[in-house]
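Here the structure is laid out as structure tokens; the discussion comes afterwards.
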Amino acid sequence: MDTTAQLAQILPGLALALYETAPHGISAAHSEEAQLTPTQRRAVIHLAHNGPLTMSELATGLGIGRAAASELVARLVAQGVAKRDADAVDRRIVLVSLAGPAATYVEEVLTYWGELLTDAFAHHPTIDPDDLVAFLQTLTAKLKEAPGKP
């Protein structure tokens with residue numbers, strides 16, 4: 001079996017393992033408390049990957065208008081999931097970031113996954129981490145371009 005076919009077979013297991021290794025107890029308890037809509041969950045994920053962001057950056061990243069982003073952020077702030085802070089350089093700019101349990105959750109997951117990656121790289125010292133990161137970034141972009149396609 002060629003490498004591409006092997007990787008294609010590994011991807012579903014990798015996706016499941018990533019999901020299962022996240023501490024869902026924290027996430028589930030907070031999600032029930034916050035009652036996040038699908039759009040709010042997308043915003044939380046986008047902020048986790050890219051934040052802190054200006055309102056315009058968040059709107060662009062989610063593919064929504066600035067007014068919709070402003071309303072979305074207001075609801076996330078009211079639920080304690082996000083916060084607004086003035087930019088340190090230009091106080092007129094407002095930055096949106098995760099707050100409270102959502103911020104803690106993301107930090108814990110990324111720390112845990114970092115530990116697992118360090119261990120995995122120790123078992124495969126010949127793999128160039130920079131090449132692997134570039135490959136995974138390209139793969140992620142390709143997967144996002146064609147969501148739901150067989």
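Observations on the structure shown:
- Within segment 87-128, the residues that satisfy the criterion of being part of a helix (DSSP H, G or I), of a type outside the set (A, V, I, L, M, F, W, C) and surrounded by 11 or more Cβ atoms within 10 Å (Cβ to Cβ) are GLY100, PRO101, THR104, TYR105, GLU107, GLU108, TYR112.
- Residues in segment 53-69 that are of a type in the set (Ser, Thr, Tyr) and either outside any helix (DSSP H, G or I) or under 17 Å from ARG92 (Cβ atoms) (or both): THR54, SER56.
- Test: SER70 is at pLDDT 90 or above, farther than 23 Å from LYS144 by Cα and among the hydroxyl-bearing types (Ser, Thr, Tyr): yes
- Test: residue in segment 23-32 that is part of a helix (DSSP H, G or I), at pLDDT 85 or above, polar (S, T, N, Q) and over 15 Å from the mean Cα position of the chain (by Cα): no
- Test: residue in segment 37-49 that is in contact with a strand residue (DSSP E or B) (Cβ under 7 Å, 6 or more places away or on another chain), assigned to a helix (DSSP H, G or I) and modelled with pLDDT of 90 or more: yes
- Of the residues making up segment 33-74, those that are buried (at least 19 other Cβ atoms within 10 Å of the Cβ), without any contact (Cβ under 8 Å) to a residue 12 or more places away in the chain and more than 18 Å from ASP87 (Cα to Cα) number 0.
The values are calculated or read from the model by the stated rules, or taken from the named source; none is laboratory data. These numbers come from a predicted model, not from an experiment. Don't worry about glycine lacking a Cβ; one is built from the backbone with ideal geometry, like all the others, and counts go over all protein chains shown.
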